[in-house]
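Accompanying notes for the structure given below.
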Amino acid sequence: MTAPHIVEFLSDIPHQLQIGCDALALRLATVNTPTSYASRRYVLPRTSAMMVKSYLSQTQLFLEPYGDVADAEVVLAFSFGDAPAVNKELAKVAQDSVIAHPTMPLLMQQEIAIHARESRVTSRFSIQANDYQTTTDVAQAALTLTDKRKVLVVAQAWHAQRCIDTCKSLGWAVVGLRCSSAFPEDDPQPWVRHPLNWIIKESHREQAAGYEISERFQLI
C-alpha cells in the first residue's frame, strides 16, 4: 500500500474511504442515511492511518433501526455532540418511539431533553451533569432512574453500536434501536462534525480524548 498517510472520505455513491491506494467501500444504506456526506481529506502519520484501517476492518460503522418498542420497558436516548440540530432529531425520534406508550419511562441525555416537546409521556427524565458525560456515564446514570432493564436505545446511527455495547456491559437488555444518521456540521466538538472525523476519533479513542485527537489531527 502506497502513501497510507492520505486518508480521504469520498462522497460518491457508494461512499468510500480511501487510505493511500486502498479504496474501502463503506456501503452506507440509503434507507437510513443522507444522500451524501461531503468529501473530506486528512494527512495522517502512517501508524494512525493504519489504526483507521484496522478500525474499519473490525467495526460496524453504523446501525439501522431494529426491534419493537412493545418489547421494551424503557427508552434511553444518547445525545450526539452539543449543537442542537442532531439532538433535536434525536429528541423527536425518542418521543415518537413512546407516543403509543405514554407510561413508558423516557430517559434522555440533557442535550436531547432540552429539545423535547410537551407530550403525554408521564415518566420523562433528563440525565444531567455539570461536566462532560461519556456514553458510559449516561448509561450508568440511567440505571439509577428506573428498575426496568429492557431498553430501546435512541442514538446517532454511527454512535449506536457503542451505546448498545455499553448498555449491555452495564446490565441493560437492549431490545431495539431508533436513530438518526446526521452529523452536526457546526458542532463545537470537531469529532462529531463529519463521518471521517468520527472514524478518526473512534479509531484512536483508546489513546486520547476527543478534543486531544481533534487537535492532534487538526479535524475541521
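The values are calculated or read from the model by the stated rules, or taken from the named source; none is laboratory data. It should be emphasised that the depicted structure is a prediction, and the values quoted were computed from it without experimental measurement. Neighbour counts are summed over all protein chains in view; Cβ atoms, including those assigned to glycine, are modelled from backbone coordinates with ideal geometry. Remember, those area values only see protein heavy atoms, side chains included, never the ligands or the DNA or RNA. Shrake-Rupley method; radii C 1.70, N 1.55, O 1.52, S 1.80 Å.
Tabulated data for the structure shown
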quantity: Contacts under 7 angstrom Cβ, first residue in the range 121-141 being under 19 Å from Ala160 (Cβ atoms), partner assigned to a strand (DSSP E or B) and not hydrophobic (A, V, I, L, M, F, W, C), 6 or more apart; calculated: Ile127/Gln109; Gln133/Gln109; Val138/Gln109
quantity: Among (1) in a loop (DSSP other than H, G, I, E, B); (2) charged (D, E, K, R); (3) under 30 Å from Asp68 (Cβ atoms) - the single one Asp187 does not satisfy; calculated: (3)
quantity: Options Gly20, Gly67; residue that is at positive phi, at pLDDT 90 or above and of a type outside the set (Phe, Trp, Tyr); calculated: Gly67
quantity: Subset of the range 58-103 (residues that are aromatic (Phe, Trp, Tyr) and closer than 20 Å to Ile127 by Cβ); calculated: Phe78, Phe80
quantity: Positions within the range 142-161 being surrounded by fewer than 20 Cβ atoms within 10 Å (Cβ to Cβ) and not hydroxyl-bearing (Ser, Thr, Tyr), in sequence order; calculated: Leu143, Leu145, Asp147, Lys148, Arg149, Lys150, Gln161
quantity: When residues of the range 187-215 are limited to those that are free of Cβ contacts under 8 Å to residues at least 12 places away in the same chain and charged (D, E, K, R), the one farthest from Gln60 (Cα to Cα); calculated: Glu215
quantity: Residue check for Ile112: crowded, with 20+ Cβ neighbours inside 10 Å and farther than 24 Å from Glu64 by Cα; calculated: no
quantity: Residues within the range 34-63 that are touching a residue at least 40 places away in the same chain (Cβ under 8 Å), out of contact with any helix residue (DSSP H, G or I) (no Cβ under 8 Å at 6 or more places or on another chain) and surrounded by 14 or more Cβ atoms within 10 Å (Cβ to Cβ), tallied; calculated: 3
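Table: residues versus (1) more than 30 Å from Asp147 (Cβ to Cβ); (2) touching a Lys or Arg at 6+ places or on another chain (Cβ under 9 Å); (3) open to solvent by less than 50 Å² (accessible area, probe 1.4 Å); (4) modelled with pLDDT under 95.
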position	(1), (2), (3), (4)
Ile13	yes, no, no, yes
Gln16	yes, no, no, yes
Val74	no, yes, yes, no
Asn87	no, no, yes, no
Val121	no, no, yes, yes
